[in-house]
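Enquirer: Take this structure first; my questions come after.
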């Protein structure tokens, strides 16, 4: 029986895949700079097993984390995978020996990436693959993604991919992708203070499509706010728990994938699903959008 209060269930549109709204993002399991193995592989395995034991059934990963490291850890910790566990990976980049992130967006690149993910995860087909647009490191930037989405649609026809999502996209790119193949999720940068996707989130909610914010806690520059810290103290919670709870309250189609390499921090993140925010709390937090740093 799935433990309650991980945000409640959500079913990806047009699929039989139902997950709890709080999942887990595996990026932090790799070494520093998302490169190489972690300092303590046993601790990484423990985090993955603790997440699944706590009811997490949605893990976000990529074969370019490490590279290959997080997928190999997931396989080591969890294979054979429990029924109902949904693994979501992403394509669109590769790591070079200098640790840089480079686009990998030709049809041949994408096919190679799918096969790398299959091999390292120990799967015959990938549940969901997000195409991660790499036009700009500073956020979504317009430009056609038809060739890449078409290549993934072909891999889906071959049975290598079950479902397709997109990441780091504009509304125009999403519409272009949807004209080619069904899109079951969108993964963009969004959190309490990064609110540029508010209209997109509302549009996706009307379509029943989940929006998965990456860097929900600020990423490499964690969210810092006196307002957030004050409210967390009043709620006897941590600022990060409040930030995650705000996302759950923001819209019912938001799925969360906070990452950590610590079991204790994992449990803190999951407890955000039990945090109730009143309309007054939400109004305080909504005021952070566009506020000066440290407000």
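Enquirer: Return the residues of the range 108-147 that are out of contact with any strand residue (DSSP E or B) (no Cβ under 8 Å at 6 or more places or on another chain) and over 24 Å from residue 197 (Cα atoms); say none if nothing qualifies.
Expert: Listed by number, the residues that qualify are 108, 111, 112, 115, 116, 119, 120, 122, 124, 147.
Enquirer: Yes or no: residue 105 out of contact with any strand residue (DSSP E or B) (no Cβ under 7 Å at 6 or more places or on another chain), surrounded by 16 or more Cβ atoms within 10 Å (Cβ to Cβ) and more than 30 Å from residue 270 (Cβ to Cβ)?
Expert: Details: out of contact with any strand residue (DSSP E or B) (no Cβ under 7 Å at 6 or more places or on another chain): yes; surrounded by 16 or more Cβ atoms within 10 Å (Cβ to Cβ): yes; more than 30 Å from residue 270 (Cβ to Cβ): yes.
Yes: the conditions hold for residue 105.
Enquirer: Here is a further query. Taking the range 9-33 as the region of interest, how many residues are out of contact with any strand residue (DSSP E or B) (no Cβ under 7 Å at 6 or more places or on another chain) and either at pLDDT below 95 or not in a loop (DSSP other than H, G, I, E, B) (or both)?
Expert: Qualifying residue count for the region: 3.
Enquirer: For the range 41-90, which positions are within 15 Å of the chain's Cα centre (by Cα), under 22 Å from residue 265 (Cα atoms) and assigned to a loop (DSSP other than H, G, I, E, B)?
Expert: 56, 57, 61, 62, 65, 85
Enquirer: Could you tell me whether any residue of the range 206-225 is out of contact with any helix residue (DSSP H, G or I) (no Cβ under 7 Å at 6 or more places or on another chain), surrounded by fewer than 18 Cβ atoms within 10 Å (Cβ to Cβ), more than 15 Å from residue 288 (Cα to Cα) and in contact (Cβ under 8 Å) with a residue 40 or more places away in the chain?
Expert: Among the residues of the range 206-225, at least one is out of contact with any helix residue (DSSP H, G or I) (no Cβ under 7 Å at 6 or more places or on another chain), surrounded by fewer than 18 Cβ atoms within 10 Å (Cβ to Cβ), more than 15 Å from residue 288 (Cα to Cα) and in contact (Cβ under 8 Å) with a residue 40 or more places away in the chain, which makes the answer yes.
Enquirer: A follow-up question, please. Taking residue 228 as meeting all but one of (1) in contact with a strand residue (DSSP E or B) (Cβ under 8 Å, 6 or more places away or on another chain); (2) more than 24 Å from residue 165 (Cα to Cα); (3) at pLDDT below 95; (4) crowded, with 18+ Cβ neighbours inside 10 Å, write down the number of the exception.
Expert: (1)
Enquirer: Among the residues of the range 193-202, is any farther than 22 Å from residue 13 by Cα, buried (at least 16 other Cβ atoms within 10 Å of the Cβ) and at pLDDT below 95?
Expert: Yes - at least one qualifying residue is present in the range 193-202.
Enquirer: Using the structure shown, decide if residue 43 is in contact with a helix residue (DSSP H, G or I) (Cβ under 9 Å, 6 or more places away or on another chain), free of Cβ contacts under 8 Å to residues at least 60 places away in the same chain and farther than 23 Å from residue 211 by Cα.
Expert: Considered against the rule, which asks whether it is in contact with a helix residue (DSSP H, G or I) (Cβ under 9 Å, 6 or more places away or on another chain), free of Cβ contacts under 8 Å to residues at least 60 places away in the same chain and farther than 23 Å from residue 211 by Cα, residue 43 comes out as no.
The values are calculated or read from the model by the stated rules, or taken from the named source; none is laboratory data. All of these numbers come straight from a predicted model, not from anything done at the bench. Glycine gets a Cβ as well: all are built from the backbone with ideal geometry, and neighbour counts include every protein chain shown.
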